[in-house]
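The structure appears below as structure tokens.
Any read-out appearing in this document is the output of simple, stated calculations on the displayed coordinates, not a laboratory observation. Owing to the predicted nature of the structure, the values given are computational and were not obtained by experimental measurement. When we count neighbours, we look across all protein chains shown, and the Cβ atoms used for this are built from the backbone with ideal geometry, even at glycine.
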Amino acid sequence: MTERILLIFFVFFMGYCGWSQDFSAQINPDKLTIDGKARDGISTSFDFPAKEVERGWWRYSREFGRPLNMRGYYKVTVPSEVNSGNVDIILLSKTLGSKTGCKFFVALDQENVPKTKVAAYNAQIKTILQDFKKAYYIEELGETLEKAEKKAATASKKVSKSNGNGKEKALHELTNYQKQIETIKSQLKIIYQAY
């Protein structure tokens, strides 16, 4: 009886951990106060904690700019050589935690940007946010997939070595890992096709 309860708990826990991240391609216009000014920008939701998304943004933004933690928000300077312009572009971002994950907001600091270029830069910022979100989810789900595949391999070995009730339990465990792996692969396919 105890084994059955543990197995049910294990299946529930693995289902929760493996399938709780739902990717939403939705990006919305938004307004947020950063550095004492109301900023027009865009935001999207993540099913991950705010601190993890901030670390992901830090790593991602270092590929094209110079991020700076301003204690409460991030300031990323994109050099003019990278953005094909005459001035450095500054992106401001803020991550707001919630019960189910977080909201990630990014906006262009329009202070030194010519008015005629704002719309074009905002379109580029949307592309940056889409790429960041895809890359973040792909990396996270890739790690989850790798762990599930290792556990499935271990469960498969248990199946070949066990017999009787132990074999049935190991087969059930293996089946659950295989379902989890298929679900993660389906999620990855959706993410790759987004945007």
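So what's the chain giving for Rg/Rh, alpha carbon basis, Kirkwood Rh from the mean inverse pair distance?
1.14
Between their Cα atoms, which of 94/147; 75/103; 126/179; 133/157; 94/151 are more than 28 Å away from each other?
94/147; 126/179; 133/157; 94/151
Placing +1 on the Cβ of each Lys and Arg and -1 on the Cβ of each Asp and Glu in the stretch 105-148, which of 120, 138, 148 has its Cα farthest towards the positive end of the resulting dipole?
120
What does the highest-first list of 22-35, 43-56, 143-156 look like by mean Cβ count within 10 Å?
Top of the packing list down: 43-56, 143-156, 22-35.
Relative contact order (percent) for the chain, with alpha-carbon contacts under 8 angstrom and 6 or more residues of separation?
19 percent
Can you give the net charge of the other residues whose Cβ lies under 11 Å from the Cβ of residue 148, counting K and R as +1 and D and E as -1? Walk me through the numbers on the way to the answer.
Values: positive: 147, 150, 151, 179, 185; negative: 143, 146, 149, 182.
So the surrounding residues net to +1.
Output needed: percent of Cα pairs per 5 Å distance bin for the stretch 124-183, bins running from 0 to the one holding the longest distance.
Taking all Cα pairs of the stretch 124-183, the binned fractions are 4, 19, 18, 15, 11, 9, 8, 6, 5, 3, 2, 1 percent.
I want the local charge near residue 72. Using Cβ-Cβ distances under 9 Å, sum +1 for each Lys or Arg and -1 for each Asp or Glu among the other residues.
Once all neighbours under 9 Å are counted, the net charge is +1.
Beyond 17 Å, what share of the Cα-Cα pairs of the stretch 38-80 is found? Please give it as a whole percent.
Here the long-distance tail beyond 17 Å is 39 percent of all Cα pairs in the stretch 38-80.
Okay, helix-only estimate at 222 nm for the chain: each DSSP H run of n ≥ 4 adds -39500 (n - 2.57), divide by all residues, round to 500 deg cm²/dmol; what do you get?
-19000 deg cm²/dmol
Take each uninterrupted DSSP H stretch in the chain, measure its Cα extent along the helix axis, and return the ones at 24 Å or beyond whose mean Kyte-Doolittle hydropathy is at least 0.0.
2-19
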